[in-house]
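First up is the structure itself, then whatever we jot down about it.
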Amino acid sequence: MTSELISLPTPLLRESTTHRLRPRFEGSNICTWIGFKHVNYLVEEAVLAHFRHVGLPARTLYEAHGLCVEFIDLDTRIRSAFHLDDEVSAEVSPAPHADADQLRFTVVLRRLVDGTATRAASSTVAVVLRGDERGGAPAHPGPSHLAPYQRSHLRRQLPERHPLPAIRRNSLGRGGVGGDAVLQELTGGTNSFAWRWRIPYPYCHFTERLQMSGYLRQLEEVVDLFLMSRGVSIKRLLDEQNYIPVVPRSNISIIDEALMEEDLYTVFTVEEVFKRVTYTARMDCYVLREEMLVPTATGRITHGYAEIRDRTDWALVDFDDRLLTALRG
């Protein structure tokens, strides 16, 4: 290989690709609308298809070269709803950025209806290649053009650590929301809700790490628990007013590694209520190591509410007094 070829950027960043996808059945939770988590899954699938298209499938990168494809940033705006059985055109394009050690892409999702493509969502994505340490036999060196994007750890900055009182380690069960000194310290004096949760293996990948889709599931679940704690649970508003939450934007950034069976502390903080239309909240995730909190991810989500009119239609509504009071704490 000549020096000119070695100096060229990776094929991943030389061309755009387009892929046909469909949302998963699992994401059709309310009528046939697809939730924000599964819209983000479409974004992930599109980027993975882009890797395959240029001859760098995630499986080969891992099995042959010990390189784990890791999504570390995912920022998605949803303009219109996706439905079950929709056909989606996903265009993946290289995105200019200042971080030379990340593969960055923009992804545009279009709904294909009667031959017409309508832009429905867009996303910016960052990916790195994390070296595997558990695979056994030594891996073959990866392609030289991928070297700038390889790293031995997902840590993106030195984590800020907070001294904390000792707590019982390796808690059993799905999680806890009270009676924990760490949870109390994380939420004291704020409009926040916190949850302790043991990371199970189905949320992980490459044998040990909580993956981006796991954080998406965590964000969805902590919203659900927060609303229930404030007396405006999703089922209650469905039963009493036929209201559902809708998400125009979400983003998550992984800043360190969270490992299988660690206790993850997730803090959900309402930051802004815009008139009676939307509210924005921040999610911060930590693990407790050597009695110190290590931040592993942060993100934000914007919610509005819609009233279900029938099986195919809904309309945005303003927050009523009950909902507004609950959100403002």
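A few remarks follow.
- Selection of the stretch 268-297 for residues being surrounded by fewer than 17 Cβ atoms within 10 Å (Cβ to Cβ), closer than 15 Å to Ser250 by Cβ and in contact (Cβ under 8 Å) with a residue 24 or more places away in the chain yields only Glu271.
- Pairs, first surrounded by 15 or more Cβ atoms within 10 Å (Cβ to Cβ) and modelled with pLDDT under 80 in the stretch 174-187, second assigned to a strand (DSSP E or B) and of a type in the set (Val, Ile, Thr), C-beta under 9 Å, six or more apart: Gly175/Thr266
- Hey, Phe36 surrounded by 15 or more Cβ atoms within 10 Å (Cβ to Cβ), in the same structural domain as Asp85 (by TED's automatic domain parsing) and aromatic (Phe, Trp, Tyr) or not: yes
- Helices (runs of 4 or more DSSP H) (entirely within the stretch 1-90) containing at least 1 residues that are touching a strand residue (DSSP E or B) at 6+ places or on another chain (Cβ under 7 Å) and charged (D, E, K, R): 36-53
The values are calculated or read from the model by the stated rules, or taken from the named source; none is laboratory data. A quick note: this is a predicted structure, and the numbers were derived from the prediction, not measured. Heads up, the Cβs are rebuilt from the backbone with ideal geometry, glycines too, and the neighbour counts pull from every protein chain shown.
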